[in-house]
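One structure is given here, and the rest of the page talks about it.
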Amino acid sequence: MVAIVRVKESVRTPIDKAPEPDMGGDYIPKERYISKDFARLEWERMWSRVWLMGCREEEIPDVGDYITTEIGPESLLIVRGEDGKARTFYNVCNHRGNQVKFDQCGNSRTLQCAYHFWEYDLTGKLVNVPDEEDFHQGCPKEQLSLKAIRTETWAGFVWYNLNPDAEPLSEYLGILPEHLDPYHFEKMDMVLNVTVEWDCNWKTAVDAFNEIYHVQCIHPELSYTIDDVDIQIDLYERHNRYLVPFKTYSPRLNEELVEVPEHLAEQISSIGMDPDEFTGRVADIRRAVQVYKRGNEDKLGIDYSELNDDQLSDDYHYCIYPNLTLNIMAESFGLFRQRPHPTDPNKMLFDVQRYVMTPKGKAKPPLPDHEHCKHGERSLGLVLDQDSVNLPYVQKGMNSTAFRGLWISSQERRIRHTHKTLMDYINGVYSNDA
């Protein structure tokens, strides 16, 4: 018997195919990946004008909680105020330029510089200057307070924009809240938080997760758990996505599987289905998973009523421009954030986070420690380890005189789309976002 599908139509994620823009087919110049001059243009015309994810709200839950983060050459301080609001400041004391906070996170009812004890409240206002009378020119509080940065929240995250005249976050995100709110990211809990130093440009890493062309090559085991051929690619104004069928197998195998593959058996076992009791075709497992989840919400402790059937099995994979990749399943999502190195276009910071929906009646997991490491010092899991192996060599190859630029296939057109958006910023299409 097929379960009755009860989906809240008013909040369903749109699944219609987006129109295909004409983006040309020429080389993507390698200079965008290796040139310091181009990296400078990116900083001036793009990074300083886009909305960026700063932290998870659960990382600063209480008044006085703060977290420091870096983007390019800037250190930023995100703080929870007395009024419950999250605020972002440049992490620099306006006395002699010392960073106000050196540590990664903490709690303090005031923000005190460790050099000369200049002190700011949680709104960034300068409230105490030792020996203030010795400054014959005075200490104008408004002029010398911490410089605030545009800050908003969405989906359980704190977002910031270095451009004081930028459009609201909702306008920047465009259609994304409509697409992603049904997952209720704000109700999910962080269970992994790792930052890795990678020897490649930030776009080299974004590219690696914006195409599925490479799956047949470096992820052979995924051929037995996903369809890497029949995917839907949607390119929007700035952001993009593809929809990847999971709990199935690749048409590239050129055969109809008659036994449930090991990796697929492990996946369906994890949700309570017994692969040994499955009597249908392997090609029918994807639909069987959807029906099982829909009919066992109480047992699984997850509310699926706002998701369509395909979302119960598939990866809805979004790129939030410029540097967030989301691999989204019904009960969890993985987040990759690529951050540029402050001076070297051949290096970057790669943030890996994972979030899960805690089933009803289960205890929430503790917030994980934020780990920092260099490439190769720890495993990020089989698939990410496979992805990361090539990237330093890709970056080295891009610096070769023999390499002209990227020659992109249709399967890789999300890469071309992100470059179109980048060049729109570089060329001033988004020069005045207010």
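To the nearest 20 debye, what is the magnitude of the charge dipole of the stretch 152-244 about its Cα centre, counting +1 on the Cβ of each Lys and Arg and -1 on the Cβ of each Asp and Glu?
Details: 4 positive and 18 negative charges, 23 e Å.
Charge dipole, the stretch 152-244, about its Cα centre: 120 debye, nearest 20.
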Subject >> Alpha carbon centroid spacing (whole Å) that separates the stretch 214-282 from the stretch 20-40 >> reply: 32 Å
Subject >> Table column - 3J(HN,Hα) (Hz), the stretch 312-318, Karplus curve with 6.51, -1.76, 1.60, x for Gly and Pro >> reply: 7, 10, 9, 9, 8, 10, 10
Original post:
Considering only DSSP beta bridges with both partners in the chain, what is the antiparallel share in %, to the nearest 5?
Top reply: 95 percent
Original post:
Could you give me the ³J(HN,Hα) list for the stretch 172-185, computed from phi with Karplus coefficients 6.51, -1.76, 1.60 and θ = phi - 60°, whole Hz, x at Gly and Pro?
Top reply: 5, 5, x, 7, 5, x, 4, 6, 9, 4, x, 6, 6, 4
Original post:
Which residues' amide hydrogens lie under 5 Å from the amide hydrogen of Leu192, considering only partners 5 or more residues apart or on another chain, with H built in the peptide plane?
Top reply: Arg354
**OP:** Return the long-range amide H neighbours of Asn98 (sequence gap of 5 or more, or a different chain), with a cut-off of under 5 Å between placed amide H atoms.
**Re:** Cys93
Original post:
Which shape class, rounded, prolate or oblate, goes with the stretch 167-324 when its Cα gyration tensor gives a ≥ b ≥ c as root eigenvalues, a/c under 1.5 marks rounded, and past that a/b bigger than b/c marks prolate?
Top reply: oblate
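Here are some pairs, Lys30/Lys374; Lys101/Lys125; Lys147/Lys203; which of them have Cα atoms lying more than 21 Å apart in this structure?
Values: Lys30/Lys374 25 Å; Lys101/Lys125 15 Å; Lys147/Lys203 29 Å.
Correct reply: Lys30/Lys374; Lys147/Lys203.
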**OP:** Specify the inter-centroid distance of the stretch 388-414 and the stretch 78-148, based on alpha-carbon positions, in whole Å.
**Re:** 44 Å
Subject >> Estimated 222 nm signal from helices in the chain, with DSSP H stretches of n ≥ 4 weighted -39500 (n - 2.57), rounded to 500 >> reply: -5500 deg cm²/dmol
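Classify the stretch 1-135: rounded, prolate or oblate, from the alpha-carbon gyration tensor (a ≥ b ≥ c, eigenvalue square roots; a/c under 1.5 rounded; otherwise prolate if a/b is larger than b/c)?
Working: a/c = 3.67, a/b = 1.48, b/c = 2.48.
Oblate shape, in that a/c is at least 1.5 and b/c is the bigger or equal ratio.
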Subject >> Alpha carbon centroid spacing (whole Å) that separates the stretch 45-66 from the stretch 287-333 >> reply: 26 Å
Original post:
Cysteines without a disulfide-compatible partner in the chain, using Cβ under 4.7 Å as the rule?
Top reply: Cys55, Cys105, Cys139, Cys200, Cys217, Cys319, Cys373
**OP:** Could you go through the stretch 405-416 in sequence order and give the Karplus-derived ³J(HN,Hα) for each residue, using 6.51 cos²θ - 1.76 cosθ + 1.60 with θ = phi - 60°, rounded to whole Hz, and x for Gly and Pro?
**Re:** x, 7, 10, 9, 8, 5, 4, 9, 5, 4, 5, 4
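Send over the semi-axes of the chain's equivalent ellipsoid, whole angstrom and largest first, taken as the square roots of 5 times the C-alpha gyration tensor eigenvalues.
On the way: eigenvalues 334, 148, 76 Å².
Equivalent ellipsoid of the chain: 41, 27, 19 Å, largest first.
Laboratory data are not the source of any read-out in this text; all were calculated from the coordinates shown. Every value quoted in this text rests on a predicted model; they were computed, and no experiment measured them. Note that we place each Cβ from the backbone using ideal geometry, even for glycine, and neighbour counts take in every protein chain shown.
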